Amino acid sequence: MNLNKFFILIAAAAVTSFTGCKGSSSADTSAQRSFSRDLFAMDTYMSVRSYGGDESALDSAENCIRDLENKLSATISGSDVSRINSGGGKPVEVSDDTAAIIRKAVETGSLTGGALDVTAYPLVREWGFTTGSYKIPSQERIDSLLASVDYRKIVLNGNTVTLPDGMLLDLGALAKGYTGDKVIETLRENGADAAIISLGGNVQAFGEKPDGSAWKVAVRDPFTPDNDMCTIEIGEKAVITSGNYERCFTGDDGKVYWHIIDPADGFPADNGIVSATIIGDEGLTCDALSTAMFVEGLEGACELWKNDRSYDMILVTDDSRIFYTEGIADSFTNLTSMPAEVIPVD
Ligand code: FAD
Ligand code: MG
């Protein structure tokens, strides 16, 4: 159970007026009826609030989340990911969902020069980030595990995945973003007019809030994660953050180690970024990029953004500076004393 995620969820709830317990509904007129549900899945707390339609849309959304967890979890035996990991180098047939996420993972790996590498799983496990039994591995052990990290060796042919024997993958860096996209799609198809969801702090919205105002989303302060750092206002967007305050521990050497690994050296990524938030149309892309930007560091992340600019981002550096892109400048409210500046386009 990840308590940090719970705090993020509460923060998102406070700012987006996004509260409720399982199966609750509030009704004044049918156009304004809202329904909310909290659940625990994918080792994190999730919350879904929909407007319009009826509560069956939430049942469908929850089924969608459970179904995706059963396909995508590296720890559920029989899931697509488990079957790939135990495939011994043989081709494995997977669902459309798993294939779509792996396709994006390989694409983003290539776009970011391997900053996102879903085959870093053996290292994530070795550091104890999957179990909570944290340890600093020996350099020898890191070197030997690094030899089996290389997303370019994943072969995806249609829905058939082949991973060399001895390699392992985990889609945790981008699967919740994909899940958000699918939850929104499911809510739409099942009659909701609008919704705001938080999947372990990944916030995503569709439709208009009944009062006509924009959805307001808070981003945590990575230095004091119980506090919000800023708010932004969004339309139908995903807001997805990777931070160094999640799944972290202090080693015997007094240093803090966190769960996002730099595939270049096998250590927690320490390239100057402590929080990377991506704001865009598609949860899958935002989630993949949030992890990759964290690994890239400020310069690399800004370079990547300048070459695309179809999304916005907020980066926080380890020397307490905030950098954000011009697309969110009008709605960005800094709640801290950290200096915040707009990233120049060139
Ligand atoms: P993100 O930045 O989006 O992702 C970071 C995560 O990606 C890390 O925790 C690590 O798993 C992985 N990673 C680290 N470095 C890299 C890199 N350079 N490239 C690619 N990936 C990297 N957690 C559990 O402890 N137990 C569970 O049973 C469990 N089940 C899950 C099932 C599903 C379907 C999903 C999607 C997640 C599950 N998780 C589980 C959580 C998961 O392991 C991650 O901790 C979580 O997805 C991290 O999300 P984030 O938004 O905090 O960070
Ligand atoms: Mg991510």
Whole-percent carbon and sulfur share, accessible surface of the range 168-296, 1.4 Å | 43 percent
Per residue accessible area of the range 30-132, 1.4 Å probe, in Å² = 38 Å²
Taking the highest mean first, how do the peptides 238-249, 121-132, 304-315 order by number of other beta carbon atoms within 10 angstrom per residue?
-> 238-249, 121-132, 304-315
What dipole magnitude, in Debye to the nearest 20, does the chain give about its Cα centre under +1 on Lys/Arg Cβ and -1 on Asp/Glu Cβ?
-> 700 debye
Counting only protein heavy atoms and using a 1.4 Å probe, what share of the accessible area of the range 63-121 belongs to carbon plus sulfur, as a whole percent?
-> 47 percent
Given springs between every Cα pair under 10 Å in a Gaussian network model of the chain, which of P222, P268, P164 has the largest fluctuation?
-> P164
Could you estimate the translational diffusion coefficient of the range 147-219 from the Stokes-Einstein equation, with Rh from the Kirkwood formula over C-alpha pairs, at 10 °C and 1.306 mPa s, in whole µm²/s?
-> 104 µm²/s
Here, K135 and K209, labelled 7 Å along Cα→Cβ, have an inter-label distance in nm of 4.8 nm
Residue-normalised value, i.e. accessible area per residue, for the range 179-292 at 1.4 Å probe, in Å², stands at 34 Å²
Rounded, prolate or oblate: which one fits the range 106-246, using the alpha carbon gyration tensor with axes a ≥ b ≥ c (rounded when a/c is under 1.5, else prolate when a/b beats b/c, else oblate)?
-> oblate
Per its Cα gyration tensor (rounded if a/c is under 1.5, else prolate when a/b beats b/c, else oblate), the chain is best filed as oblate
Heavy-atom accessible surface of the range 297-346: percent carbon and sulfur, 1.4 Å = 42 percent
Over the alpha-carbon set of the range 261-320, work out the extent along each principal axis and list the three values in angstrom, largest first.
-> 31, 23, 18
Gain on full stretching of the segment that runs from E299 to A264 - 0.36 nm per residue minus C-alpha separation | 10.9 nm
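In deg cm²/dmol, rounded to 500, what helix-only [θ] at 222 nm does the chain give when every DSSP H run of at least 4 residues adds -39500 (n - 2.57) and the total is split over its residues?
It comes out at -9500 deg cm²/dmol, rounded to the nearest 500.
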Of the peptides 101-114, 279-292, how do they stack up when ordered by the mean number of other Cβ atoms within 10 Å, highest first?
-> 279-292, 101-114
Summing +1 for each Lys or Arg and -1 for each Asp or Glu, what net charge is found among the other residues whose Cβ lies under 12 Å from the Cβ of G109?
-> +1
Global geometry of the range 215-346, whether rounded, prolate or oblate, following the gyration tensor of its Cα atoms and the 1.5 cut on a/c | prolate
Between N227 and D253, what length in nm is gained on full extension when 0.36 nm per residue of separation is reduced by their alpha carbon distance?
-> 6.6 nm
Could the peptides 152-163, 256-267, 203-214 be put in order, highest first, of the mean number of other beta-carbon atoms found within 10 Å of their residues?
-> 256-267, 203-214, 152-163
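Quick check: net charge around S82, other residues with Cβ under 11 Å of its Cβ, Lys/Arg +1 and Asp/Glu -1?
After counting each charged neighbour, the total is 0.
Net charge near G243: determine it from the other residues with C-beta under 10 Å of the C-beta of G243, scoring Lys and Arg +1 and Asp and Glu -1.
Details: positive: R220, R247; negative: D221, E246.
Taking every Cβ under 10 Å from that of G243, the sum is 0.
The values are calculated or read from the model by the stated rules, or taken from the named source; none is laboratory data. As the structure is a computational prediction, the values presented were derived from the model and not from experiment. Virtual Cβ from ideal backbone geometry, glycine too; neighbours counted across all protein chains shown. Note: areas computed on protein heavy atoms with side chains; ligands, DNA, RNA excluded. Shrake-Rupley method; radii C 1.70, N 1.55, O 1.52, S 1.80 Å.
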